[in-house]
Amino acid sequence: MSAAGCEEVEIMDKKLLLVDVDCGVDDAQAIMMALAAPNVEILGITCCFGNAPLEDVCRNVLRVLQVCDRSEIPVYSGAPSSLLGSPVEGASYHGNDGLGDSPDPNAPGLEHLQREHAVDAMLRIVNERVGRVSLVATGPLTNLALAVKLDPSFSQKIKNLFIMGGNMESRGNTSVCGEFNFESDPEAAYIVLNEYTCPTYIATWEFTCRSQLPWAFVDEWMAQNSRKATFMKRIFSHCMEFSSACSNNPGEIFTGGFVACDCYAMAAAIDDNIIREVIECGVSVELKGELTRGMMIMDMRDKLKKKNKALVMNAIDLEKYKALMMAALK
C-alpha cells in the first residue's frame, strides 16, 4: 500500500472533528484536548465572534495551533456578529483579547487564515465526508445557523453535534436566565436546536458547573514540564483571578472549583463513554421574554412534540475527563 493509502486508512480509523469556536481560554483548552487525543483528527477549525472580536478569535486559534505544533490544520474566519447584530456582553472572563490579555509577538498573523469563509468550509468538509464528521461547537451558534440555512440538508450529513451552551435550570451566567453562548445569538441557537436533525449532545452551563474540578488538580495540570503547560499558565492567569473574585459570591454555583466549560463538549466528542447520564428531551430557545431571552427550554413533558430530541448531558466520568485534560498539556 502506498504512503498516501496508509494515511487515508489511518484517518478512516479516527474520529473526524470539525470544530467551531469563539476562541477564549476554555476553547483553547478544548482544542488542545482534541489535538492530544490519538483517536481524533481535526479537519478544520471555524471561527465565530464571542469571547473576543472575530479577528482576535482567529489569531487565538492560530496561536494555539502553533504552540501545539499543528499549524497545518486549516483555520477559517466566519461570522463577525450575531444574526441580528446585537452587541456581545459578559466576555471579560477571558480578557479583552480572549486569551487573558497575554499577547505573543511571535504568534502567527491573520495571513495564515484560509481564504474560504468558515460557513462555506463547513459545508464543503461535511459534504466530502457525509455521515462521518462530528461537529463540536463551543461558541455562539451563528456559523452553524448560517450553514443550515444555506443547505437545509446540512445537519443530515453530520454524524453528530456536540454543543457547549444553554442552561437546564434557568441559571444565567450573563443575564438572569441566559448562558453566554446562547444569549450572544439567541436566534442562531433557536435555528440550530430546531432545525438540526442529527444526534445532538448539549453541555449546559449548570452541568459544567456541577462537574467542576478541584483547584489542586489545576496546580498539578499546569505544573507539567511542557511548552503547552507554560502557555496555559500564561493565558489562564486572568481567568483564575476572575474566578477567585467570583468565589466570594455565594450565588455563584461554580464556587470552589475549576470549570473549563468548552472541554466538556469536546470530551464527549472524543470519548463515547465519558458521559454517564443524559436527559433526552425536546429543547428550544426563548426569543421574546423580557427576562428569559436566550434561555434554553427543556420540554420535559413533551408538550412541543418534537421528533428530534436532544441529549442533554447530566453526569460525566470525572476520572476519564481528568485524564483527557492532563493529556492536553503533556
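The values are calculated or read from the model by the stated rules, or taken from the named source; none is laboratory data. Treat the numbers as computed from the prediction; the structure is a model and nothing was measured. FYI the Cβ positions are ideal-geometry reconstructions off the backbone, even for glycines, and counts take in every protein chain you see. All accessible areas refer to the heavy atoms of the entire protein, side chains included, with ligands and DNA or RNA removed. Shrake-Rupley method; radii C 1.70, N 1.55, O 1.52, S 1.80 Å.
Figures for the structure shown
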| item | result |
| --- | --- |
| Any hit, segment 79-101, residues being within 28 Å of residue 237 (Cβ to Cβ), among the β-branched types (Val, Ile, Thr) and outside any loop (DSSP other than H, G, I, E, B) | no |
| Residues being open to solvent by 60 Å² or more (accessible area, probe 1.4 Å) and either among the small types (Gly, Ala, Ser) or farther than 15 Å from residue 281 by Cα (or both) - total across segment 196-233 | 11 |
| Residue 103 being surrounded by fewer than 16 Cβ atoms within 10 Å (Cβ to Cβ), more than 30 Å from residue 132 (Cβ to Cβ), out of contact with any Lys or Arg (no Cβ under 7 Å at 6 or more places or on another chain) and not small (Gly, Ala, Ser) | yes |
| Every residue from segment 60-72 that is in contact with a helix residue (DSSP H, G or I) (Cβ under 6 Å, 6 or more places away or on another chain) and open to solvent by 10 Å² or more (accessible area, probe 1.4 Å) | 62, 67, 68, 70, 71 |
| Conditions (1) open to solvent by 30 Å² or more (accessible area, probe 1.4 Å); (2) within 27 Å of residue 94 (Cα to Cα); number of the one not met by residue 313 | (1) |
| Some residue of segment 31-39 being open to solvent by 10 Å² or more (accessible area, probe 1.4 Å), assigned to a helix (DSSP H, G or I), in contact with a Cys (Cβ under 9 Å, 6 or more places away or on another chain) and not small (Gly, Ala, Ser) | yes |
| Failed item in (1) at positive phi; (2) open to solvent by less than 30 Å² (accessible area, probe 1.4 Å); (3) of a type in the set (D, E, K, R), with residue 299 passing the rest | (1) |
| Residue 249 being out of contact with any Cys (no Cβ under 8 Å at 6 or more places or on another chain), open to solvent by 50 Å² or more (accessible area, probe 1.4 Å), assigned to a loop (DSSP other than H, G, I, E, B) and at pLDDT 70 or above | no |
| Residue within segment 259-272 that is modelled with pLDDT of 90 or more and open to solvent by 30 Å² or more (accessible area, probe 1.4 Å) present | yes |
| Selection count where residues are farther than 21 Å from residue 83 by Cβ and outside any strand (DSSP E or B), scope segment 275-307 | 9 |
| Subset of segment 134-155 (residues that are buried (at least 23 other Cβ atoms within 10 Å of the Cβ) and either at pLDDT below 95 or not in a helix (DSSP H, G or I) (or both)) | 135, 136, 137, 138, 139, 140, 141 |
| Lone qualifier among 57, 88, 130 - being out of contact with any Asp or Glu (no Cβ under 8 Å at 6 or more places or on another chain) and open to solvent by less than 60 Å² (accessible area, probe 1.4 Å) | 88 |
| Contacts under 8 angstrom Cβ, first residue in segment 37-59 being of a type in the set (Lys, Arg), partner outside any loop (DSSP other than H, G, I, E, B) and open to solvent by 20 Å² or more (accessible area, probe 1.4 Å), 6 or more apart | 59/110 |
| Count of residues meeting criterion [under 18 Å from the mean Cα position of the chain (by Cα) and surrounded by fewer than 24 Cβ atoms within 10 Å (Cβ to Cβ)] in segment 173-186 | 2 |
